[in-house]
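Undergrad: If you scroll down you'll find the structure; I have some questions about it.
Readers should treat all values here as calculations from the given coordinates under stated rules, not as data from a laboratory. From a predicted model like this one, the values you see are computed outputs, not experimental measurements. Note: ideal-geometry Cβ built from the backbone for every residue, glycine included; neighbour counts use all protein chains shown.
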Amino acid sequence: MRFVWAWLLYTWGGLHRYFGIQNSMAREFERAVHYFSRAYNVDPTFRAARLHRGILLGRELGRIEEAIADFDALLDEDPTYHLALFNRGMMWMENGRYPQALTDIEAYLTQADPSDENWPDANRIVRLLRDIDQE
């Protein structure tokens, strides 16, 4: 029953995120963060809620350090959670921390399946970060 309630909260958060993207409304993003947080609090095993909260915090709200904290917590629970690695790498890159970004994206590539939707982007990002590192 807890998972069902958490899933409903998560879905509601996803709707708020969608409305925020469609209407460029930060208020909707804040509501989405609220619902993703509630979903994770109801069921702490529902890591997709925390993952998507981190993505939303970083991408839409520019709260990079909070996003990284969510990804760090997810990776503390499961160091092989490749989606958290990829997204933390993206936040490191967004914040100009290229060595950390490279480490995370390379780790993602060793753990994720090549059919993962982020795989092609991760390969391009690694090449870009290696070029930056060589300069």
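Undergrad: When Rg is the radius of gyration of the Cα atoms in the range 79-135 and Rh is its Kirkwood radius, what does Rg/Rh come to?
TA: 0.95
Undergrad: Which order do the peptides 60-68, 119-127, 45-53, 81-89 come out in when sorted by mean C-beta neighbours inside 10 angstrom, highest first?
TA: 81-89, 45-53, 60-68, 119-127
Undergrad: Under Stokes-Einstein, with the Kirkwood radius over Cα pairs standing in for Rh, what whole-number D in µm²/s applies to the chain at 4 °C and 1.567 mPa s?
TA: In µm²/s, the coefficient rounds to 85.
Undergrad: What ³J(HN,Hα) values, in whole Hz, does the Karplus curve 6.51 cos²θ - 1.76 cosθ + 1.60 give for the range 3-19 when θ = phi - 60°, with x put for Gly and Pro?
TA: Per-residue couplings from phi come out as 5, 4, 5, 4, 5, 5, 4, 4, 4, 5, x, x, 5, 5, 4, 4, 4 Hz.
Undergrad: Additional query: State, to one decimal in nm, how far the label point of Thr80 lies from the label point of Glu66, with both points 7 Å from Cα in the Cβ direction.
TA: Between Thr80 and Glu66, the label points sit 3.2 nm apart.
Undergrad: Can you tell me the Rg and the Dmax, both Å, for the Cα atoms in the range 1-62?
TA: 10.8, 34
Undergrad: Still on this structure, please answer the following. Under 10 Å, Cα contacts only: if you run a Gaussian network model on the chain, which one of Asp78, Asp70, Asp43 comes out with the highest mean-square fluctuation?
TA: Answer for the Gaussian network model of the chain: Asp78.
Undergrad: If you line up the long axis of helix 64-77 against the longest principal axis of the chain, both from Cα atoms, how many degrees apart are they, to the nearest 10?
TA: Taking the Cα atoms of the chain, the angle to 64-77 is about 90 degrees.
Undergrad: Within the range 39-65, what residues put their amide N at less than 16 Å from the label point 7 Å along the Cα-to-Cβ vector of Val4?
TA: Zone members listed by number: 43.
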